[in-house]
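The values are calculated or read from the model by the stated rules, or taken from the named source; none is laboratory data. The model shown is predicted, which means the values in this text are computed figures rather than measured ones. A quick note on method: Cβ atoms are made from the backbone with ideal geometry, for glycine too, and the neighbour counts reach across all protein chains shown. Each accessible area value is taken on the protein alone, full model and side chains, heavy atoms only, with ligands, DNA and RNA left out. Shrake-Rupley method; radii C 1.70, N 1.55, O 1.52, S 1.80 Å.
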Amino acid sequence: MPNAPASVSQASPGHPPIMSVGRITMENIAEFTSGAKQYFIYKAVVADAHVSHVSFCFDDPHVAAWIDANNAVLTALTFDAFILRLRGKFLSASWFLEYGKCIASAQHDTPFADWSAAKRQANQVVASVPNLFMDDARLRLFMRILMHDDLLAEYNTKNTSAEAGQSGSLDNIVNLDDWCTAVGHIDDGWRTRKDREHKSYLRQLKSSQPFQKQARSYALPLTVDERNLLVANKGCTACRKVFLPTDHKCAYKEKPLPFGLVPTITQAHVDKIWDDLNLRCNRKAADSNIAAISLFSQNTTAVLGDDSDDSKGDKSDAFKLMDEDTDMYPEDSDF
């Protein structure tokens, strides 16, 4: 059988209802029954011919095959007995549990009007099951027990207050429709008040909290003076370093510079970096001179101690360190 429930259509009271292909439920059986009885009255169909008039009104092949195989037995039944056979054959064995859960469910946050309407509809569906069906008095008592706690408190207050006109006036409402309407108004009232109180609380909470400025994640844009200083001192506008080689490859060309790595680009900042670089270069030059002089002395001693023409000093080796290019902006230096 298909999972989608079947639908029932009826062109007019003078035509029998048609049930489409689909899963048979209590709802569409009730709808089919109502349409069929309306058709019987409109056409004045005798009771003995009720089943035969609707036996071909099922499009589902499973139902049609079952009716065809048991035609003699089914057409001899009354219409109500036929519906009972149809329900027992094609409804699931636990169909009543779904409606029983609906009837026994608590209200929670569902509006009372929707919750009570669903309960009453489910109660009507199980009208043929004595153990599940409730009369209006029992159903109202059941709904009062399972309603929301806040609604129950409002109900009890209204029920005994002077505004009600007399003590227990809500309980004295006999008609179930009128009682559900009255309780629905109470439910709407306390929900509106709770929503208003919640919004007021949020406004007070927001106004009581001090404004907290969020820490920046990335650097601010360059000013005109900072950009001019970078350009005038071989700097990079992405990483904001100065005195860089011409083949410098910046890691921040395609991504923003983190706020913690941002220096203050001023003339004093540029002068300090220039002094630091000069000091580094002077130290490297001094170390290179010492190494070159030591190597040159060793080569000279070797020449004086050996008369052969094969042992000659190599100046390029002696001054190799002096000829190396100095790193003007080491990677481990500060801005």
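Structure notes:
- Here region 11-33 is scanned for amide nitrogen atoms under 17 Å from the site 7 Å beyond the Cα of HIS62 along Cα-to-Cβ, giving 19-29.
- Overall Cα dimensions of region 33-86, principal axis frame, Å, largest first: 29, 21, 16
- Fully extending the segment from VAL21 to LYS194, taken as 0.36 nm per residue of separation minus the present Cα-Cα distance, adds 57.6 nm.
- The Cβ shell under 15 Å around ARG227 holds other residues with a net charge of +1, Lys and Arg each +1, Asp and Glu each -1.
- Point-to-point label distance, THR223-GLU98, nm (Cα→Cβ direction, 7 Å offset): 7.3
- Considering every alpha-carbon pair of region 1-137, the percent of pairs per 5 Å bin, from zero through the bin containing the longest distance, is 2, 9, 17, 20, 18, 15, 10, 5, 3, 1, 0.
- Contour minus Cα-Cα distance for VAL46 and ASN282 (0.36 nm per residue): 72.9 nm
- Largest to smallest accessible area among TRP95, TRP115 [probe 1.4 Å]: TRP95, TRP115
- Note on THR181: accessible area is roughly 80 Å² with a 1.4 Å probe, heavy atoms of protein only.
- Around LYS199: net Lys/Arg minus Asp/Glu count, Cβ-Cβ under 15 Å: +4
- Ordering of 196-205, 228-237, 50-59 by packing [mean C-beta count within 10 Å, highest first]: 50-59, 228-237, 196-205
- Between ALA137 and THR160, the FRET efficiency estimated from the beta carbon spacing at R0 = 22 angstrom works out to 0.60.
- Per-bin percent of Cα-Cα distances, region 93-195 [10 Å]: 14, 46, 29, 10, 1, 0
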